[in-house]
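Next up is a structure, given as structure tokens.
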Amino acid sequence: MSSKILRTTCARDCPDACGMLVEIEEGRIRSLRGDPDHPITQGYLCYRTNRYPAKLRSSDRILKPRLRIEGVYKEIDWDQAFEILVERLKETLDRHGAPAIAEVRGGGSLGLLKPLTSRFFRALGAVTEFRGDVCSGAGSDAQILDFGISDSHDFFDIENSRRVWLWGKNLGASWIHMLPVLRRLVDEGMDLRYLDPMPPAAGLPRHERTALRPGGDCEMALGIALALLDLQPEGFEERLPVPVQGLESFTSLCRSRSLEAWARAADVDAALLRTMAEELLDGPVAMHLGWGMQRRRRGGLAVRCVDALAALSGNLGVAGGGSCFYYQRRGAVDKEIMGEPAKDARFLAIARMGQEILEADPPLRFLWIDNMNPVNTMPDSARVAEAMEAVDFTVMVDCHENDSTRHADLVLPCTTFLEEEDLVGAYGHHWMGAVQEVVPRPEGVKTDLEIVQELAERMGMGSLMRGTAAEWGDRILRRELREVGFDRESMTRGARRRPDAVEVLFADGRVPTKSGKVELVGEADYREAPVGPTDHPIWLFTNSHRQSQASQWARPESGSLKATLHPDAAPGHVSGDVVDLVSPLGRLEVVLVLDPKMRPDCVSIPKCGSVQLGRSGNTLIEAVETDLGGGAAYLDTWVRIEKEED
């Protein structure tokens, strides 16, 4: 039997948006591999996506709508499901108004058509919206304050760097396609620094590691800045490639402590801070910032302090430099197509999803959740589950059973990214690709777009959503990009680099802030680091794992949850001991793995384990917002170890 090779793009929540070649035989996937012609993927896929085809026909796949009746789920047909949805929506609008309705979406798929669901709901009126971005909100908003935009130099501009600092960015876990580039550059003589309380995942080339104090990023950056200011000649700010504003206040902040005091606060040597300041002046130095460092109560402040280092050392606006946190994956999208929130819309904090829903006044009556498993992925899992149950009618759109579908009133089955058409941008580079239906979907399963299109038709709003996925793929792109041939059809033949993306940010010496200058963080912005409870002395890290993409695991979860920590953090214990991690919010059974590479005040577990199986760190994490961007302060959580009682 002959087979055929089809091209598509991975739409999972990962920075790389890999190009893929899928071999199909008799309607089934025979093989899946990276596209060798994709400039970033270059033929290599991660472990978890290589194994994704097995999930298409797994036993937990949802194939028909499910309605919960007196606590028991019953399969129904689509016609019944839409009748119920229309009845519920109209009743809610008539009795309680649009603010009683909310739609919330996560990053289960990064397909750029997914937000079209918001277009429908916003057309109902002033529905309740969720504000913030739990994953990257603090860092993105920090850079918008500093630079007017959160974007990065071209992926390959790193080849122009003399030095690279990976600040809280663990490439082996979260940006694997940069690894071969760095290996080559390090072999050619480039210097690499890795600054993170956690040891790096496998594969990082030769580097100098600094295991700074958890949450000590602000103090480390300010200490380097103090040493940098002492090294700079008088009037240096007049010669910076990108002008700055607020230097006096920033200087006062840096000089509010001695170099030694900043070093103690970051738990590093003062001599290291001086050395790193000297390195910044011997650039270009590219600083790549990770997501973990800004998932703290001071996450935005941390990013702003590092941004200031790039600006004041002359590493902005130059090839091989930059303070790179994010790539604008939605940069090609015409945002007006999605619709804007109503001017009088009510906003709830997504980082505090459970509490915000439970405390909403007037209460939510209808909740629509798509591309998201919030009970698993959001802080304070128990409160999120309680909130889903408290809403009069909760709808989940998902392709597999999970911790959240068990708390929905109606579950609607949707396609996976291998069974639908879409577009996807990356947040780890500037290339975009087409998502194509490479394998037939199971009978009766619909795409997110088809679901909301049918719902719109039945609500008398059909014209709002009509169009094929391919047509919408072009509609959502900005007109000026389409006019130069940047369209969906061209992306079906291979990844395209966004034509509006520059090689070097701010190369013309201008930033899109109101002043046209970098807005430096100042004295009034600084906050002291939070301190954990004295009876919970260990910082909890819930880290990315090679076998999972958020809550989507490559293989069914099994066995005991492993917690990795330094031997000094668990005196009297050995690897293999079963203990409880206890936070002020709850407890979690784990098996210890002792590792001398860990800091003695940290413990690490994989993120997004199953709540039902007792493997979720989010059951221990309090729902607290970051200082900027409405992010979730996942990593400002403290635990203690308790020996299990027999």
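The values are calculated or read from the model by the stated rules, or taken from the named source; none is laboratory data. Everything quoted here is computed from the prediction, not taken from an experiment. Here the Cβ positions follow ideal geometry from the backbone for every residue, glycine too, while neighbour counts run over all protein chains shown. For accessibility, only protein heavy atoms count, side chains too; no ligands or nucleic acids. Shrake-Rupley method; radii C 1.70, N 1.55, O 1.52, S 1.80 Å.
With the checklist (1) on the phi < 0 side of the Ramachandran plot; (2) in contact with a strand residue (DSSP E or B) (Cβ under 7 Å, 6 or more places away or on another chain); (3) open to solvent by less than 30 Å² (accessible area, probe 1.4 Å) in hand, flag the one item GLY630 doesn't pass.
(1)
Let me ask you something else. Testing PRO200 on (1) part of a helix (DSSP H, G or I); (2) over 28 Å from LYS514 (Cα atoms), one condition comes back false. Which one is that?
(1)
Could I ask something else about it? From LEU32, LEU6, LEU21, which residue is open to solvent by 30 Å² or more (accessible area, probe 1.4 Å), in a strand (DSSP E or B) and either in contact with a strand residue (DSSP E or B) (Cβ under 6 Å, 6 or more places away or on another chain) or within 25 Å of ILE158 (Cα to Cα) (or both)?
So the residue among LEU32, LEU6, LEU21 that is open to solvent by 30 Å² or more (accessible area, probe 1.4 Å), in a strand (DSSP E or B) and either in contact with a strand residue (DSSP E or B) (Cβ under 6 Å, 6 or more places away or on another chain) or within 25 Å of ILE158 (Cα to Cα) (or both) is LEU6.
State all residues of region 106-132 that are outside any loop (DSSP other than H, G, I, E, B) and either open to solvent by 30 Å² or more (accessible area, probe 1.4 Å) or among the polar types (S, T, N, Q) (or both); if no residue qualifies, say none.
THR117, SER118, ARG119, ARG122, THR128, PHE130, ARG131
Specify the residue that is nearest to GLY321 (Cα to Cα); the eligible residues are those in region 491-526 that are among the small types (Gly, Ala, Ser) and surrounded by 13 or more Cβ atoms within 10 Å (Cβ to Cβ).
ALA507
How about region 421-446: which of its residues are under 19 Å from GLY467 (Cα atoms), touching a helix residue (DSSP H, G or I) at 6+ places or on another chain (Cβ under 7 Å) and assigned to a loop (DSSP other than H, G, I, E, B)?
GLU421 - this is the single residue of region 421-446 that is under 19 Å from GLY467 (Cα atoms), touching a helix residue (DSSP H, G or I) at 6+ places or on another chain (Cβ under 7 Å) and assigned to a loop (DSSP other than H, G, I, E, B).
Just checking, how many residues over region 533-561 are part of a strand (DSSP E or B) and touching a Leu at 6+ places or on another chain (Cβ under 8 Å)?
5
Also, quick follow-up: Does VAL590 meet the test of being among the β-branched types (Val, Ile, Thr) and part of a loop (DSSP other than H, G, I, E, B)?
no
Show me the helices (runs of 4 or more DSSP H) entirely contained within region 133-197 in which 1 or more residues are out of contact with any helix residue (DSSP H, G or I) (no Cβ under 9 Å at 6 or more places or on another chain), touching a residue at least 12 places away in the same chain (Cβ under 8 Å) and open to solvent by 10 Å² or more (accessible area, probe 1.4 Å).
Hits in region 133-197: 171-174, 179-187.
Any residue at all in region 376-397 that's open to solvent by 10 Å² or more (accessible area, probe 1.4 Å) and at positive phi?
The answer is yes, given that some residue of region 376-397 is open to solvent by 10 Å² or more (accessible area, probe 1.4 Å) and at positive phi.
May I pose another question? For the list (1) in a loop (DSSP other than H, G, I, E, B); (2) in contact (Cβ under 8 Å) with a residue 24 or more places away in the chain, I need the number of the one condition that GLU528 fails.
Going through (1) in a loop (DSSP other than H, G, I, E, B); (2) in contact (Cβ under 8 Å) with a residue 24 or more places away in the chain one by one, GLU528 breaks only (2).
Tell me which residues, restricted to region 527-536, are hydrophobic (A, V, I, L, M, F, W, C) and open to solvent by 80 Å² or more (accessible area, probe 1.4 Å).
Result: VAL531, single match.
Among the residues of region 53-73, is there at least one that is modelled with pLDDT under 95, small (Gly, Ala, Ser) and open to solvent by 80 Å² or more (accessible area, probe 1.4 Å)?
yes
Can you say whether VAL384 is part of a helix (DSSP H, G or I) and of a type in the set (Val, Ile, Thr), as far as the supplied structure shows?
So VAL384 fits the description; yes.
OK, next. What number of residues within region 602-617 are open to solvent by 30 Å² or more (accessible area, probe 1.4 Å) and within 29 Å of ASP267 (Cβ to Cβ)?
Final tally of qualifying residues: 1.
Identify all residues within region 268-290 that are out of contact with any helix residue (DSSP H, G or I) (no Cβ under 7 Å at 6 or more places or on another chain) and hydrophobic (A, V, I, L, M, F, W, C); write none if there are none.
Listed by number, the residues that qualify are ALA271, LEU272.
Another question, then. So how many residues does region 61-92 have that are under 33 Å from the mean Cα position of the chain (by Cα) and more than 30 Å from GLU419 (Cα to Cα)?
Adding up the residues that qualify gives 1.
To keep it simple, each residue is scored yes or no on (1) of a type in the set (Gly, Ala, Ser); (2) in a loop (DSSP other than H, G, I, E, B); (3) closer than 17 Å to PRO584 by Cβ; (4) within 21 Å of the chain's Cα centre (by Cα).
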| site | (1), (2), (3), (4) |
| --- | --- |
| PRO596 | no, yes, no, no |
| ARG599 | no, yes, no, no |
| SER604 | yes, no, no, yes |
| CYS608 | no, yes, no, yes |
| VAL611 | no, yes, no, yes |
| ALA623 | yes, yes, yes, yes |
| GLY629 | yes, yes, no, yes |
| ILE641 | no, no, yes, no |
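Separate question: State whether one or more residues within region 457-469 are basic (Lys, Arg), in contact (Cβ under 8 Å) with a residue 12 or more places away in the chain and more than 30 Å from GLY354 (Cα to Cα).
yes
A quick yes/no check of all residues on (1) of a type in the set (A, V, I, L, M, F, W, C); (2) in contact with a Pro (Cβ under 9 Å, 6 or more places away or on another chain); (3) over 24 Å from PHE130 (Cα atoms):
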| position | (1), (2), (3) |
| --- | --- |
| PRO65 | no, yes, yes |
| LYS74 | no, no, yes |
| ARG88 | no, no, no |
| ALA100 | yes, yes, no |
| GLU103 | no, no, no |
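Further, regarding this structure: Restricting to region 544-589, name every residue that is open to solvent by less than 50 Å² (accessible area, probe 1.4 Å), farther than 26 Å from LYS169 by Cα and either hydrophobic (A, V, I, L, M, F, W, C) or without any contact (Cβ under 8 Å) to a residue 12 or more places away in the chain (or both).
Correct list: ALA570, VAL579, VAL582, LEU588.
Then there is this: Please specify each residue of region 36-67 satisfying the condition of being in a helix (DSSP H, G or I) and under 22 Å from HIS545 (Cβ atoms).
Correct list: TYR47, ARG48, THR49, ASN50, TYR52, PRO53, ALA54, LYS55, LEU56.
Which one is farthest from ASN371 (Cα to Cα), of the residues in region 404-419 that are assigned to a loop (DSSP other than H, G, I, E, B) and open to solvent by 10 Å² or more (accessible area, probe 1.4 Å)?
ASP409
To continue, here is another question. Take the conditions in a loop (DSSP other than H, G, I, E, B) and either free of Cβ contacts under 8 Å to residues at least 24 places away in the same chain or within 24 Å of ARG466 (Cβ to Cβ) (or both) and apply them to GLU450. Does it pass?
No: the conditions fail for GLU450.
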